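*Asks:* Below: one structure in structure tokens.
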Amino acid sequence: AQSVTQLDSHVSVSEGTPVLLRCNYSSSYSPSLFWYVQHPNKGLQLLLKYTSAATLVKGINGFEAEFKKSETSFHLTKPSAHMSDAAEYFCVVSDGYQAGTALIFGKGTTLSVSS
Amino acid sequence: DAGVIQSPRHEVTEMGQEVTLRCKPISGHNSLFWYRQTMMRGLELLIYFNNNVPIDDSGMPEDRFSAKMPNASFSTLKIQPSEPRDSAVYFCASIRGSSYNEQFFGPGTRLTVL
């Protein structure tokens, strides 16, 4: 069975410094992995996804994530944080390719950005 | 495209009342998901449908919860009777085809049960 673990419930950075949000997954098959972002009082929005193509995936707003099979990790990074990046981030795994397979969400990491 | 539409956006009700949450998925999407989000439990999958058929309802907390999808463009999540512990934000999401694709989320319904 698949699962996902976000290693930090809360990350605080200063504006302009790098961001690292950590995610480890467990999957029986070759997984699809996603990062979603949720701004306060908003729905979830897809940041990026990995589906067995390039292991380094680039997403919106300067975020990227690297799929490392040997480490079963899919950490999210950004070189320089912006105040608008403050939000909740969810790492998500799916190892089903059929239509209608559910996604498994991590518990979320709250990113705070200070000026 | 209008995106996933949920109504109402906010609902305040008293314990014991029936609550119905509504969702209109994106046209052409063939899978629909209902999630619940709370501070304590995070984001939980309640139930999902594929081509209007419920596939997995193991996340539905108890018999007070029920969900239907009578056609490809409409789904409801009903709670009867509602309890204060049902207070949460309920999200609906839809997807086209494979789960490799992006799930599109609605804005959510914030439910408060007094």
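No lab work stands behind these numbers, since they all come straight from the coordinates. It should be emphasised that the depicted structure is a prediction, and the values quoted were computed from it without experimental measurement. Note that each Cβ is placed from the backbone with ideal geometry, even for glycine, and that neighbours are counted across all protein chains shown.
*Asks:* State the extension gain, in nm to one decimal, for the chain segment bounded by residue A:54 and residue A:80, taking 0.36 nm per residue of separation less the distance between their alpha-carbons.
*Replies:* Contour length minus Cα-Cα distance gives 7.1 nm.
*Asks:* Rank these for me by crowding, B:40, B:60, going from fewest to most other beta carbons within 10 Å.
*Replies:* Fewest to most other Cβ atoms nearby, the residues stand as B:40, B:60.
*Asks:* Give a quick list of GluC sites (Glu not before Pro) in region A:21-85 that DSSP marks as loop, anything other than H, G, I, E or B, with at most 15 other Cβ atoms within 10 Å.
*Replies:* Here the sparse-neighbourhood loop sites are A:71.
*Asks:* When the convex hull of the Cα atoms of the protein assembly as shown is projected onto a plane and the area is averaged over all directions, what value comes out in nm²?
*Replies:* 12.4
*Asks:* Using a Förster distance of 25 Å, how high is the FRET efficiency between residue B:85 and residue B:22, based on the Cβ-Cβ distance and rounded to 0.05?
*Replies:* 0.70
*Asks:* Roughly how crowded by other chains is peptide B:39-47, in terms of the mean Cβ count from those chains within 10 Å of each of its Cβ atoms?
*Replies:* Averaged over the peptide's residues, the number is 3.
*Asks:* Taking the simple approach of a point 7 Å from Cα along Cα-to-Cβ for both residue A:112 and residue B:72, what is their distance in nm?
*Replies:* For the pair residue A:112/residue B:72, the computed spacing is 4.7 nm.
*Asks:* Say we join alpha carbon atoms closer than 10 Å with springs in a Gaussian network model of chain A; which of A:59, A:43, A:16 then has the biggest fluctuation?
*Replies:* Greatest mean-square fluctuation among the candidates belongs to A:43.
*Asks:* Determine the alpha carbon to alpha carbon distance for each of A:78/B:24; B:24/B:78; A:78/A:107; A:69/A:107; A:49/A:69; A:42/A:107 and list only those over 23 Å.
*Replies:* Violating the 23 Å limit, Cα to Cα: A:78/B:24.
*Asks:* Within 10 Å of each Cβ in peptide B:4-14, how many partner chain Cβ atoms are there on average? Round it to a whole number, please.
*Replies:* 0
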